[in-house]
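Heads up: the structure comes next, in structure tokens.
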Amino acid sequence: IDIITSDYATKPDGNIGAGACAYDKNDCFQSDSSTIQNTCAGRLSCMVYHFAKTLATCENRPSAYLHIGYTCVPNNIT
């Protein structure tokens, strides 16, 4: 697994309910790539849990979801 991006996100209105768990390019994002890189990079599989964070770059709103961009890398490159 190669981690491209890892961002906690919050909705502009601060909604953290069930409907808030959907990616939208207009959401406010705060990167957390280093944590996910340390957990998942180079592994065959990976499970990550979202724990709400206060996002300083998003007016201290709580995170609604964690969005991870990744690619699968083959074991053998021929």
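The values are calculated or read from the model by the stated rules, or taken from the named source; none is laboratory data. These numbers come from a predicted model, not from an experiment. Here the Cβ is made from the backbone with ideal geometry for all residues, glycine too, and neighbour counts use every protein chain on show. Heavy atoms of the whole protein, side chains included, go into the accessibility calculation; ligands, DNA and RNA do not. Shrake-Rupley method; radii C 1.70, N 1.55, O 1.52, S 1.80 Å.
Within region 58-73, residues that are farther than 24 Å from CYS46 by Cα sit with their Cβ atoms under 8 Å from residues that are surrounded by 15 or more Cβ atoms within 10 Å (Cβ to Cβ) and modelled with pLDDT under 90, at 6+ positions apart or across chains, in these pairs: PRO62/ILE16. On the stretch given as region 6-21, residues that are modelled with pLDDT of 90 or more and either in contact with a Cys (Cβ under 7 Å, 6 or more places away or on another chain) or not hydroxyl-bearing (Ser, Thr, Tyr) (or both) total 4. Which residue is farthest from TYR8 (Cα to Cα), if the candidates are limited to region 46-76 and must be among the aromatic types (Phe, Trp, Tyr) and open to solvent by 70 Å² or more (accessible area, probe 1.4 Å)? For region 46-76, the residue satisfying everything is TYR70.
Check whether at least one residue in region 46-64 is of a type in the set (Val, Ile, Thr), closer than 15 Å to THR5 by Cβ, in contact with a strand residue (DSSP E or B) (Cβ under 7 Å, 6 or more places away or on another chain) and outside any loop (DSSP other than H, G, I, E, B), and report yes or no. Yes, there is a match, as at least one residue in region 46-64 is of a type in the set (Val, Ile, Thr), closer than 15 Å to THR5 by Cβ, in contact with a strand residue (DSSP E or B) (Cβ under 7 Å, 6 or more places away or on another chain) and outside any loop (DSSP other than H, G, I, E, B). Filtering region 6-39 to residues that are assigned to a loop (DSSP other than H, G, I, E, B), surrounded by 15 or more Cβ atoms within 10 Å (Cβ to Cβ) and acidic (Asp, Glu) leaves ASP27, ASP32. In region 1-19, the residues that are over 11 Å from ALA64 (Cβ atoms) reach residues that are among the charged types (D, E, K, R) and open to solvent by less than 70 Å² (accessible area, probe 1.4 Å) with C-beta atoms within less than 7 angstrom, at least six apart or across chains, in these pairs: SER6/ASP32; ASP7/ASP32. Checked against (1) assigned to a strand (DSSP E or B); (2) open to solvent by 50 Å² or more (accessible area, probe 1.4 Å); (3) not charged (D, E, K, R), GLY42 passes all but a single condition, namely (1).
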